[in-house]
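The values are calculated or read from the model by the stated rules, or taken from the named source; none is laboratory data. If you're wondering where the values come from, they're calculated on a predicted model, not measured in any experiment. Positions of Cβ are generated from backbone atoms using ideal geometry, with glycine treated the same way; all protein chains shown enter the neighbour counts.
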Amino acid sequence: GDNGRVMKRKLHRFPHYELRRQLEYKAHWNGIGYVEVSEAWTSQLCSRCGTKGERNAGVFRCDNCGLEGHSDKNGAHNIGRRALGKLLKPLSNAGGFVASPGAGSDDLTALRDFYSLMKSASGMQPH
């Protein structure tokens, strides 16, 4: 009956919970910031301009700005931008700056900036 359904749900969620717990623990141990973000719409929105694009056979295309590339990479950029936005929200509220689509179009520069901001915003120091 219902007890079986509840147990299945709990068992299905456990590995995800354990993975998140381990990621948070390992990140903290290594002095790396950790923040959870929702993945909703990250694979459907353009990481350059923020409009809804099209996914087909692993390729993401945006008719608005012309971005074309691997759909997983596009989604990863959106997840990273969401995490950065969460980390920078206190700075923005204090009159700092805001992360926006298209910021840091160079992948390596964006990754370096993101990592640097995560470390400084988390306030954690390496052991």
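List, please: which pairs have Cβ atoms under 6 Å, are six or more places apart or on different chains, and start with a residue in the range 29-41 that is surrounded by 11 or more Cβ atoms within 10 Å (Cβ to Cβ) and end with one that is part of a loop (DSSP other than H, G, I, E, B)?
Here the result reads 31/124; 31/125; 31/126, each pair linking the range 29-41 to a residue that is part of a loop (DSSP other than H, G, I, E, B).
Does residue 31 satisfy the condition of being over 17 Å from the mean Cα position of the chain (by Cα), modelled with pLDDT under 90 and in a loop (DSSP other than H, G, I, E, B)?
yes
Scan the range 69-80 residue by residue and report those that are surrounded by 14 or more Cβ atoms within 10 Å (Cβ to Cβ) and either farther than 14 Å from residue 41 by Cα or touching a Ser or Thr at 6+ places or on another chain (Cβ under 7 Å) (or both).
69, 71, 74, 75, 77, 78, 79
Which one is nearest to residue 37 (Cα to Cα), of the residues in the range 57-78 that are modelled with pLDDT of 95 or more and in contact with a helix residue (DSSP H, G or I) (Cβ under 7 Å, 6 or more places away or on another chain)?
So the residue we want is 60.
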